[in-house]
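Just below is one structure, and these are the notes that go with it.
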Amino acid sequence: MSRKWNEDDGPERVQRDGKRLSRQARSLLKQARRPSFHCLRCGSEVPTEASHTRHRNHCPICLWSRHVDGSIGDRKSTCLVSMEPLGLTIKRDGGELMIVHRCTGCRKIGKNRVAGDDNAASIAALLESSAALDEHTTAELEAEGIELCRDRDLVEERLWGRGGTS
């Protein structure tokens, strides 16, 4: 016989709609809130705190992310699957470089700040690969108000300061 939800159930046991989470979902939420995580894509151990970001959920090696947030930093998503890096964008206020991700499960689009320890070669490769995105994906991003950055010099400036690596 299952117990009904009541006020004593903590947020680890209850979704926003009042339904109880499965044991697997609770386990995944607990993993998502740890000080480090294993990248679902490449298996690297990733610290959740990194330079220039408070809510890290992407891998500094392959740049893939995990869908852990419902809203920025809340760690309340129940999706919890991989998010593919699609490209780079510049944050409107402050001009920070951001990685644009799309969830491979629910297809939600998200952005994460580039962290100080993110692999520069992976960022450069992402910039190049984003030029080959199909029209549907580009339209999907535009509908979300996201304009991909295609300017290599601007990306280098944001990563390394004036003049880039040259």
Compactness summary of segment 36-160: radius of gyration and Dmax from Cα atoms, Å, are 13.5, 38
Relative contact order (%) - criterion: Cα under 8 Å, at least six apart; region: segment 36-166 | 19
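Values in this text are rule-based calculations from the coordinates and carry no lab data. Just so it is clear, the structure is predicted and the values come from calculations on it, not from any experiment.
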